[in-house]
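Written out below as structure tokens is the structure these notes cover.
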Amino acid sequence: MNLLLFLLFLFFTFEFTKKRCLNDKVEAFNKAVFITGCDSGFGHLLAKRLDSKRISVELDVTQDDSVTKAFECVKDHLRSSGAKLWAVVNNAGVQRGFSLEISETKDFKDCMEVNAFGPMRVTKAFLPLLKETKGRIVNVTSLSARIAVREVMPYSMSKFAAGAFNDCLRQEMSSWGISVVSIEPELFKTPLTNVENLIINLNHIVSNLPNSVLWDYGKEYFKAFEKFMIAFTRCASPNVELVVNDLEAAVIQKYPDNHYKPRRNLFFRFILFCFEIFPSNIQDIFLNIVLFFLGLPKPKPTKAIG
């Protein structure tokens, strides 16, 4: 019993102890960081935090040619400045679609291309530069890479893939001395959680749904679903600095964690920790309760006339 309590104590105090005792930073001189998706959100804030000497590189992470051009541009800049590439932060991400029937196939493809294949393309292209410095690869995944939520199925599916990519890559890169880190934020206020954009996306999808699906769900379902999305996005934490702090730590600390899980407070961290170790049937019950209180409607099939 005493051993169990001791192990639990170590588990819950390890993160605090590590931050206090193993928080040495790498020498920043002549080190460059390449960040994708830094025009807004976490990536933009991280770029501002790390350095004011920034250059913009045009990049579409879904296109091989664009990634190759970005790599050549970065390599030329490094050569002329004398700097070395220390870290790649794969931050670019999109949210498309909702549940399976309230999504288009394109929503799944878009999420996979940006959120899963994007980090793979960028990482593979920039590996030669990272091998020279034994630097860092930081992948922004999500809580949705650990907990599947049906109302963001395409997004969650792509983030599960991104999480698997991160963990496989971490094992592979250990041979090269390159650290691979995953940042797994919960729900924070970013452009991805902008309710106006979500409603526009919903209305576009609904306008193209077949009549059979519209009848299955009922005409009032989608009005109620809009209200649910408003309630859901209101739950997003505005304290995005928590995520940026972990991103910065992943880039500049000598001994970064494998996974950073930015949470709004200790209570929320504890609840999510417990949730992750629950069996799936308990997780489903818990999620259904939470979604019920947020107002997720149930389908009410329209009765056929005649």
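The values are calculated or read from the model by the stated rules, or taken from the named source; none is laboratory data. None of the values given here were measured: they were computed from a predicted structure. As a convention, Cβ positions derive from the backbone with ideal geometry for all residues, glycine included, and neighbour counts pool all protein chains shown.
Would the range 219-241 turn up any residue that is of a type in the set (A, V, I, L, M), within 24 Å of Met120 (Cα to Cα) and either in a helix (DSSP H, G or I) or within 14 Å of the chain's Cα centre (by Cα) (or both)? Within the range 219-241, not a single residue is of a type in the set (A, V, I, L, M), within 24 Å of Met120 (Cα to Cα) and either in a helix (DSSP H, G or I) or within 14 Å of the chain's Cα centre (by Cα) (or both). Considering only residues in the range 169-194 that are surrounded by fewer than 19 Cβ atoms within 10 Å (Cβ to Cβ) and in contact with a Lys or Arg (Cβ under 8 Å, 6 or more places away or on another chain), the one that is nearest to Val251 (Cα to Cα) turns out to be Gly177. Within the range 35-79, the only residue that satisfies the criterion of being aromatic (Phe, Trp, Tyr) and under 17 Å from the mean Cα position of the chain (by Cα) is Phe42. The set of residues from the range 58-91 being small (Gly, Ala, Ser), under 24 Å from Ser179 (Cβ atoms) and modelled with pLDDT of 95 or more comprises Ala70, Ala87.
Within the range 242-265, the set of residues being assigned to a strand (DSSP E or B) and under 20 Å from Phe34 (Cβ atoms) comprises Gln253, Tyr260.
Check Ile271, Ile200, Ile205 and return the single one that is exposed (fewer than 12 other Cβ atoms within 10 Å of the Cβ), aliphatic (A, V, I, L, M), in a helix (DSSP H, G or I) and out of contact with any strand residue (DSSP E or B) (no Cβ under 7 Å at 6 or more places or on another chain).
On the way: Ile271 fails: exposed (fewer than 12 other Cβ atoms within 10 Å of the Cβ); Ile205 fails: exposed (fewer than 12 other Cβ atoms within 10 Å of the Cβ).
Unique residue meeting the criteria: Ile200.
Considered as a group, the residues in the range 218-266 that are polar (S, T, N, Q) and touching a residue at least 40 places away in the same chain (Cβ under 8 Å) include one that is farthest from Glu196 (Cα to Cα), and that residue is Gln253.
Of all residues in the range 208-220, exactly one satisfies the criterion of being surrounded by fewer than 16 Cβ atoms within 10 Å (Cβ to Cβ) and among the hydroxyl-bearing types (Ser, Thr, Tyr), namely Ser212. The numbered conditions (1) surrounded by fewer than 20 Cβ atoms within 10 Å (Cβ to Cβ); (2) at pLDDT below 95 are all true for Ser144 except (1). Cβ separations smaller than 6 Å between residues 6+ apart or across chains give the following pairs from the range 32-58 residues that are among the hydroxyl-bearing types (Ser, Thr, Tyr) to residues that are assigned to a helix (DSSP H, G or I) and surrounded by fewer than 17 Cβ atoms within 10 Å (Cβ to Cβ): Ser40/Pro191.
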